[in-house]
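To start, the structure under review is shown below, and the notes come after it.
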Amino acid sequence: MPEQVERTDPEGVDFGWVMQVTFVVTILVGAPLVAVLSLGTELPTWGARAEFAIRVGGVVWFLTAISAFGYAKKYHD
């Protein structure tokens, strides 16, 4: 018989939830945003394209992480 799994009720922010939401929202919002913003930018090489995607994606990731953390802190305490 398998051992019983313990349950916990942590206080504060659930960082696992914040990381999962950040990951999903960054992909759903970031990919289209990078595609749209790249239309007005000259990106002659694959290196330039990757650098552009990383710079824009980094900003999207940071803003999403801060927003998800703020939401979790306010509504999930």
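Over the chain, what is the relative contact order in percent, taking alpha-carbon pairs closer than 8 angstrom and at least six residues apart?
In percent, rounded to a whole number, it is 56.
Simple point charges give the picture: +1 on the Cβ of Lys and Arg, -1 on the Cβ of Asp and Glu, and for the chain a dipole about the Cα centre of about 380 debye.
What the phi angles of the stretch 61-66 give under the Karplus curve with 6.51, -1.76 and 1.60, with θ = phi - 60°, is a coupling list of 4, 4, 5, 5, 5, 5 Hz, glycine and proline written as x.
Residues of the stretch 11-33 falling in the label zone of ALA48, defined by backbone nitrogen less than 13 Å from a point 7 Å along Cα to beta-carbon, are absent. Solvent-accessible area of the chain (1.4 angstrom probe, protein heavy atoms only): carbon and sulfur portion equals 66 percent.
Here the Karplus curve 6.51 cos²θ - 1.76 cosθ + 1.60, taken at θ = phi - 60°, turns the phi angles of the stretch 37-44 into couplings of 5, 6, 4, x, 10, 7, 10, x Hz, with x standing for Gly and Pro. Considering only PHE69, PHE15, GLY58, and ranking their Cα positions along the charge dipole of the chain that arises from unit charges at the beta-carbon of Lys, Arg, Asp and Glu, the one farthest toward the positive end is GLY58. Quick one, which of (i) 11.7, 41; (ii) 18.0, 62; (iii) 10.8, 33 is the actual Rg and Dmax of the Cα atoms in Å calculated for this model? Identified label for the calculated read-out: (ii).
Backbone geometry of the stretch 48-59 corresponds, through the Karplus equation with coefficients 6.51, -1.76 and 1.60 at θ = phi - 60°, to 3J(HN,Hα) couplings of 5, 5, 5, 4, 4, 5, 5, 5, 5, x, x, 5 Hz, x marking Gly and Pro.
The values are calculated or read from the model by the stated rules, or taken from the named source; none is laboratory data. Fair warning: this is a prediction, and the values are worked out from it, not measured in the lab. Methodologically, a virtual Cβ is constructed for each residue, glycine included, from the backbone with ideal geometry; neighbour enumeration extends over all protein chains shown. With ligands, DNA and RNA removed, areas are computed over all heavy atoms of the protein, side chains included. Shrake-Rupley method; radii C 1.70, N 1.55, O 1.52, S 1.80 Å.
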